[in-house]
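Undergrad: Have a look at the structure that comes next, please.
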Amino acid sequence: MSRPEPKRAAADLPAGLDAPVFAEPWQAEAFAMVVALHDRGLFSWGEWAQALSAEVKKPGAAADGHDYYEHWLAALEGLLASKGLAARQDVDAMAHAWERAAHATPHGKPILLENDPEFGPAR
């Protein structure tokens, strides 16, 4: 005889459990990048934990953790640089290119790197 699973009312769930996991899409993308790069064997979870821990422990980190994914992104950038996979200046240059592309893209249109006014063969 099978037992029915007990149903829990939303009021019984811990606070915040029904809140979105990521506050903004870029956070989900940064999370997914780390998982994908790990899955490709570019770093171990131990290396990742060490890099993220070092970022979170830096002075100025928010006590409430609202800047957690900013630390996540900094840890990813640092790990990519330390492994020789992407130099910080290259990551910064690409981030600026995407920002310029976003500013140059008409509202409601997809943001494409090609929209960066500085994008082109002479780049």
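Undergrad: Ordered by residue, what ³J(HN,Hα) values in Hz, to whole numbers, does the stretch 107-118 give under the Karplus form 6.51 cos²θ - 1.76 cosθ + 1.60, where θ = phi - 60° and Gly and Pro are x?
TA: Result, ordered by residue: 3, x, 9, x, 7, 10, 4, 4, 6, 5, x, 8 Hz.
Undergrad: Hey, which aspartates and glutamates would be in cross-link range of K83, C-alpha to C-alpha under 13 Å, not counting anything within fewer than 8 residues on its own chain?
TA: Filter leaves E47.
Undergrad: Counting only residues 5 or more places away or on other chains, whose amide H sits under 5 Å from the amide H of F43 once H atoms are built in the peptide plane?
TA: none
No value in this document is a laboratory result; all are computed from the given coordinates. Since the model is a prediction, treat every value here as computed from it, not as a measurement.
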